[in-house]
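Structure record follows, encoded as structure tokens.
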Amino acid sequence: PIKTGFTFLRWEPELPATFPEEDTTYTAIWTPVRSKITFDSNGGSDVAPIEGDYGSPVTPPAPPTKDGYNFASWIPALPETFPEEDITVTAQWTVKQVTVTFNSNGGTPVASKTGDFGSALVAPAPPTRVGYTFLGWEPALPATYPSSDLNVVAQWKKKIVVSFDTAGGSPIGAIMGDEGSPLTLPADPRKSGYTFDGWDPQAPDVFTAH
């Protein structure tokens, strides 16, 4: 005999070689077919195949993971019980939405940006901060949205103002530059009847905060 999902083993009691003396009923004994479900992660982490007897419950495995994507489902859908034959199911994915948060670190606020993993990330207008020059973001802002949420922090360099008191000589305007950048002195001031002898204190070679 044939029975879906089972293999025939024998008759019980054992079928004799010749007709018995009386009417007798023999019952078929079956064993369930074992089948295997294979998981194609479709670019995600590996999922080990599972095996079980036909009709026995299927315990779904932990879903696979994939950078920048959320697991959606298996196609075809994972059955509730083991089927008669081996099957392969393939993971389906949706692109993850990622948020980049900007910490202005004392500067003007910059709104966070959200987009699909791998899509172009357009840099926002840089923040401003009185007395400082914006250097960039740390870590550096990527060209596309990363695989997970990201927080970047504004980096700043202090602006230094150097003022000149000419002590009665021709006026010289203040100069400004980033801390650590080279300081180029202006032309010497002039004062009738005097020769310029230098600055006190001596001007540094670079802009320095005191």
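The values are calculated or read from the model by the stated rules, or taken from the named source; none is laboratory data. Worth saying up front: this structure is predicted, and the values here are computed from it rather than measured. Positions of Cβ are backbone-derived with ideal geometry, glycine not excepted, and every protein chain shown enters the neighbour counts. Ligands, DNA and RNA are excluded from the accessible area calculation, which covers all protein heavy atoms including side chains. Shrake-Rupley method; radii C 1.70, N 1.55, O 1.52, S 1.80 Å.
Values as computed for the structure displayed
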| quantity | calculated |
| --- | --- |
| Segment 84-194 - accessible surface per residue (Å², probe 1.4 Å) | 60 |
| Selection from 153, 142, 39 lying farthest towards where the dipole of the chain points positive, charges on Cβ | 153 |
| Area projected by the alpha carbon convex hull of segment 123-210, averaged over all directions, nm² | 7.9 |
| Carbon and sulfur %, accessible surface of the chain computed with the full protein complex present, 1.4 Å | 52 |
| Cα lying deepest toward the dipole's positive end in segment 5-120, options 25, 87, 60, charges on Cβ | 60 |
| Residue 97 versus residue 11: modelled label distance in nm, points set 7 Å from Cα along the beta carbon direction | 6.7 |
| Potential extension, residue 85-residue 65 segment - 0.36 nm per residue separation minus Cα distance | 4.5 nm |
| log10 of Debye I(q)/I(0), alpha-carbon scatterers only, for the chain at 0.08, 0.09 Å⁻¹ | -0.63, -0.69 |
